[in-house]
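Accompanying notes for the structure given below.
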Amino acid sequence: MAAEYFAQRREIGIFNIGGSGKVKADDQELVVDHKDAVYVGSGTREIVISSTDPARPAYFYFVSYPAHASYPTSHKTREVFFARLGSQKEANLRTIKWLPLMAAGWEGDSGAGSTQVILSLKNFFFPAITITMVVSFIPRC
């Protein structure tokens, strides 16, 4: 690694898909519940993750990209949007539950500010099945 510490020139998106946990970024400690996310800005020297209850451990999903700017570390909770699409007649009835957790260029209520990290959770509810996926990608410039 060509940096003194991992997040020296990188930003990190952390998503919890397990039980309750904690993320400590430098001197800021955040409680991260199931389906919550944390944005860790570039320049953060120390990052420590842990589970609140060892019997129900937290499972963290990480994404990291190079960053040309630094946004403050922030915690994003479940702000849910629903979309009902298709029809039973056409055999494509579904409900999409979308949690926009962070996105490049967004700040404020829409998501945590970031330079490149885009992270959301989408649940697809079909009449007989449920599909959940974490979506993370970097836009092409």
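Where a number appears in this text, it was derived from the coordinates with a stated rule and is not lab data. Since the model is a prediction, treat every value here as computed from it, not as a measurement.
Structure above, values below:
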{"item": "Potential lengthening between residue 91 and residue 56 on full extension [0.36 nm per residue; Cα-Cα distance subtracted]", "result": "8.8 nm"}
{"item": "Separation between Cα centres of the stretch 57-86 and the stretch 1-47, rounded to whole Å", "result": "11 Å"}
